Every structure is written in C-alpha cells, then in structure tokens.
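Below: one structure, written as structure tokens.
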Amino acid sequence: MLCTECKKNTATVFYQQNINGKTTELCLCQECAESHGFLTGSSLFNELFKMPGISGAGVKSSRKICSLCGSDENNFIKDGKVSCPVCYESFADELYSPIKRIHGNVSHIGRAPAKLKKQNDKKLKLDELKKQLNDAVQKEEYENAAIIRDKIRDLENNAEEN
C-alpha cells in the first residue's frame, strides 16, 4: 500500500482516528509520518512504534505473504488482526513478540472445554505413567513395571473407546 501523502513510498505507519463518529485514516511512509510528528517526541504513539512487530521501526523490510489468503504483513499491522489460520504460521516471527507482550504468554492457559480438558488430563497421566514405567525398568522392579504397564494399557484402551 502506498503512502497517502507522497504516493511514492510504501506505507508503514497506519493511523486511524474516530472523533464523534467521523473516522480519519492515514497510511504514511516513514518520512511522512516523521514530518507529521507521529514518530518524534516521547508520545505514547512514538513508544508504540518502537515495539517489535508493530509498524514503523520494528517492522522488517522483507515482505512476507500468506500462502492461503494472500495477505501480507501490512494487513495485520494495519488492522491488528490476521486474516486466516495460516497467517499465524506465515507471520509467526512477527506475531510472537506482540502476542507474548499483550497476553503474557503465547500458549493458552486457562479455561478449556470439558472434553479437551479430559483429553489433556489423560495425556498427562499417560506421560507420568510412562515415566514411572521407565524408572521401574531401570531399577529392575519388574513386578511394579508390569502393574504400571497394565495401567497404561487400560488408559490407552479407554481413550480409543471414547
């Protein structure tokens, strides 16, 4: 997308303002943004553009394009949203830092559907039992290992039935 001011350079700074229902949008290149005062001084706006993964100084110049929807980095920088699930893989490097900064983590921690929680609990229990089995075999506690093996089989058979 070209800069709306000079119409020569690629826009890297996107500004949207809504005052009393009237929306104003600016798509500016680095030079025009500086001339409008967006990237100077110690404003919150300036601090935002110093963050990696946000348009401005932190954006890499190489242009990546999503293989599924065809959107590029500028789309999610401008809108703050990705266009499709594949965008998360295509722009993983650019999204990692802002997601971690905003949410505190890059993987979901919190409430989950009951069925998914049940599956995760089974997986964790299976992993723990397999670890116990390996420990028992290394200690040559074969009777204990056989009991643990049977527990593992029971859990795996119950998982296949569900």
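The values are calculated or read from the model by the stated rules, or taken from the named source; none is laboratory data. Computed from a predicted model, the values in this text were never measured in an experiment. Cβ coordinates were reconstructed from backbone atoms using ideal geometry, including for glycine residues, and neighbour counts include every protein chain displayed.
Miscellaneous remarks
- Residue match in the range 125-133 (condition: assigned to a loop (DSSP other than H, G, I, E, B) and aliphatic (A, V, I, L, M)): no
- Close pairs from the range 121-136: first more than 25 Å from residue 110 (Cα to Cα), partner part of a helix (DSSP H, G or I) and acidic (Asp, Glu), Cβ under 7 Å, at least 6 apart: none
- Residue among 113, 85 that is exposed (fewer than 10 other Cβ atoms within 10 Å of the Cβ) and at negative phi: 113
- Check on residue 101, in a loop (DSSP other than H, G, I, E, B) and either modelled with pLDDT under 80 or within 25 Å of residue 15 (Cα to Cα) (or both): no
- Listed by first and then second residue, the pairs with beta-carbon distance under 7 Å, at least 6 apart or on different chains, first residue in the range 1-27 and over 19 Å from residue 73 (Cα atoms), second surrounded by 17 or more Cβ atoms within 10 Å (Cβ to Cβ), are 5/28; 5/32; 6/29; 6/32.
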